[in-house]
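One structure is given here, and the rest of the page talks about it.
The values are calculated or read from the model by the stated rules, or taken from the named source; none is laboratory data. Treat the numbers as computed from the prediction; the structure is a model and nothing was measured. With ideal geometry, Cβ positions are generated from the backbone for all residues, glycine too; neighbour counts draw on all protein chains shown.
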Amino acid sequence: MSGSGRTTPPRRRRGLFHPLGVPGIMARQDFLGQTLFVVVVQVILLLIAISIDLARYFDQVMSMAGAETPARVMILARYLGLRIIDMVTRLLPIAVFVGILSFEIWSILTRRRAIQWISGRNPLRVLGPTLGVGVMFGALQWGLETEWRPQAVLTQAAERLGGYGERYERSRPRKDVWIFAGERLIHSQVRFGPPSELIDVDLYRLDDKGRVREVVRSARAEPTPAAGLWRFHAPTRWVRDPERPAEMRVTPSSIEALVPVPLDPLVVTYLGLPAKYIPDDDLQTIVASHTSTLVTADHRVGIEVRRANTLLPLAMALLATSVSFFAGARRPGVGVLILCSLAGYALHVAARVFVAAGELEGLSPVVAAWAPVTVALAAVPLLVGVAALRHWRA
């Protein structure tokens, strides 16, 4: 060809910082493929979990429906729907990791990644679809953690279905509950409600030295719209005589009396229920109430865990994608696959270990909830940098 007609082939730019470009067909295919793989893995995990659950609770659930076939089918479908919401909440992060790792291995083995590497496209473009998938499932995780799972568990408890119906039955009062609220000590039965009530309640008001200076006994006490004020029905009141401190005198009783008690009704409503099963708005109200002995580290850690878990699918997704950076255009070695798998499993285990340590007050709520996911997200640029030093080998 003549000099004027010659064209110079474009130089292939393989550096780390050459332009990323606009997402194209391959990015859309990666996004849809990763989403599909995650859904398939989640379905497989759900089938296994449901099979185990039904093996234990099938007879108990069926006993709630009677002998009619339509009623039995309806209650089984309802139970499975409620259980699936709970199971997806727990299994979604690990399903994201396994699904995206499987997609990346499939992409490498079918040479899709080799095409991307040798075409001169920026290797970081692989992360674009993964970011989208991580954010999408993170938003789903937030909805599951804060609203859908708590409602599903509370429904099972209220209808006495399955394991939650056995452990957290709310239809019968809970006996012999001791509550320390401010300078008041309360012994009663609890009717969870809503609205919550205290049954056969004895309220002991203490002085600065911890001695009883007043006792209020009532058959029933219920909260009022005013914060920190409870209505005691037909109360009997004993007050310590200032002149004879060892004696108590009875004051005239009335039909009802308003007694100040720094006890939030929501604390009573969710008494005995782990924080992860309490709707988010109610959980924040409970923690803000600072009710002694009932608001524990479990509640404070639970709030932070829900926010940190929103980023957990994203961290899992990015860790799984790292296998492509180390494999490049070649097939990944066994060592790379093992290390990537261990990274996801380690994050899965660490998140639970740190939460347990926070609930035991061994770690602060912020550290217990955020440390694993923060370390995982910080490790992704490090892994990409290590792979970049290997020149994105093709």
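Among (1) outside any strand (DSSP E or B); (2) out of contact with any helix residue (DSSP H, G or I) (no Cβ under 8 Å at 6 or more places or on another chain); (3) within 19 Å of H299 (Cβ to Cβ), which single condition is P194 missing?
Answer for P194: the failing condition is (2).
Does the range 228-241 contain any residue that is crowded, with 18+ Cβ neighbours inside 10 Å and under 28 Å from the mean Cα position of the chain (by Cα)?
Within the range 228-241, none of the residues are crowded, with 18+ Cβ neighbours inside 10 Å and under 28 Å from the mean Cα position of the chain (by Cα).
For the range 171-190, enumerate the residues that are surrounded by fewer than 19 Cβ atoms within 10 Å (Cβ to Cβ) and among the hydroxyl-bearing types (S, T, Y).
S171
If you check every pair at least six apart or on different chains, which have Cβ atoms under 7 Å apart with a residue in the range 63-86 that is in the same structural domain as I48 (by TED's automatic domain parsing) and among the charged types (D, E, K, R) first and a residue that is part of a helix (DSSP H, G or I) and surrounded by 17 or more Cβ atoms within 10 Å (Cβ to Cβ) second?
Close Cβ pairs (under 7 Å, with a partner that is part of a helix (DSSP H, G or I) and surrounded by 17 or more Cβ atoms within 10 Å (Cβ to Cβ)) amount to R83/D53; R83/G162; D86/R149; D86/A152; D86/V153.
Considering only helices (runs of 4 or more DSSP H) fully contained in the range 106-183, which possess at least 3 residues that are within 23 Å of the chain's Cα centre (by Cα)?
Output list reads 127-143, 149-158, 162-167.
Quick check on R83: is it basic (K, R) and modelled with pLDDT of 85 or more?
Yes; evaluated as a whole, the condition is true for this residue.
Which of the following residues is crowded, with 20+ Cβ neighbours inside 10 Å and part of a helix (DSSP H, G or I): G302, G335?
One residue alone meets the criteria, G302.
Are any of the residues in the range 189-198 farther than 30 Å from P365 by Cβ, in contact (Cβ under 8 Å) with a residue 12 or more places away in the chain and not acidic (D, E)?
yes
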